[in-house]
Amino acid sequence: MIGFAAERFSAGIANLDVPMGIGGSDMYRQQILDHYKNPRNYGEIEDATFTHVGENPMCGDTIEMDVVLDDDEETIEAIAFQGDGCAISQASASMLSKRLEGMTIEELETMDRDDVIDMLGVDISPMRVKCAVLAEKVAQDGAEIYFGEKDLEETTTEDDDPE
Ligand code: FES
């Protein structure tokens, strides 16, 4: 478990562009806070099929993911992550880890930033999009590296166009 660092949380949540008066925004804020404070699937899996790490170089925040595939190597059976970072990056990793359970690799590869933003349920400023998509990029790059489709040491959000 990670400790709840109030300053890191406020650094993340204060920059969420939640339009006041929009139904459901408080619920989604609470959901992000809950996943940040109580991250699901947090930890590591020793005999994972593949492990991959990623970083947002603008801030140094990191995500490491362990993924276990089924015998056919088509479906994600289990996933665990560890990380250090802002509320959005860590909550996004936690929420994504739940969504990836039982998902096929094919489905993972078709995910994009809109899916992540929909999952979070709040409007994200362009700067914060890099926080939101870090975990998704780590999962996708990890799978692509494992299947020999990419050669990469570490994922970064550096080249991720925020627009
Ligand atoms: Fe670093 Fe959000 S501030 S990922």
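With a cut-off of at most 14 other beta carbons within 10 Å, and DSSP calling the residue loop, which trypsin sites (Lys or Arg not before Pro) in the stretch 64-163 qualify? Please list them.
Sites meeting the loop and neighbour criteria: K150.
Compute for the stretch 6-148: radius of gyration divided by Kirkwood radius, i.e. Rg/Rh, restricted to C-alpha atoms, rounded to two decimals.
With Rg and the Kirkwood Rh in hand, the quotient comes to 0.97.
Taking Cα centroids, how far is the stretch 29-61 from the stretch 63-137 in Å?
9
So what's the net charge close to L96: Lys and Arg +1, Asp and Glu -1, counting the other residues with Cβ under 13 Å from its Cβ?
Net of charged neighbours comes to -1.
So for the stretch 79-163, what are the equivalent ellipsoid semi-axes in whole Å, largest first, each being the square root of 5 times an eigenvalue of the Cα gyration tensor?
Whole-Å semi-axes of the equivalent ellipsoid: 19, 15, 13.
Just to confirm the filter: which GluC sites (Glu not before Pro) across the stretch 15-114 are DSSP coil and have at most 15 other Cβ within 10 angstrom of their Cβ?
Hits after loop and neighbour filter: E44, E46, E73, E74, E101.
With label points built 7 Å along Cα→Cβ from the Cα atoms of E46 and K150, find their separation and express it in nm.
2.9
Computed from the coordinates by the stated procedures, all read-outs in this text should not be read as laboratory data. Quick caveat, the model's predicted, so the values are computed rather than measured. No Cβ is skipped: glycine too gets one built from the backbone with ideal geometry, and neighbour counts run over all protein chains shown.
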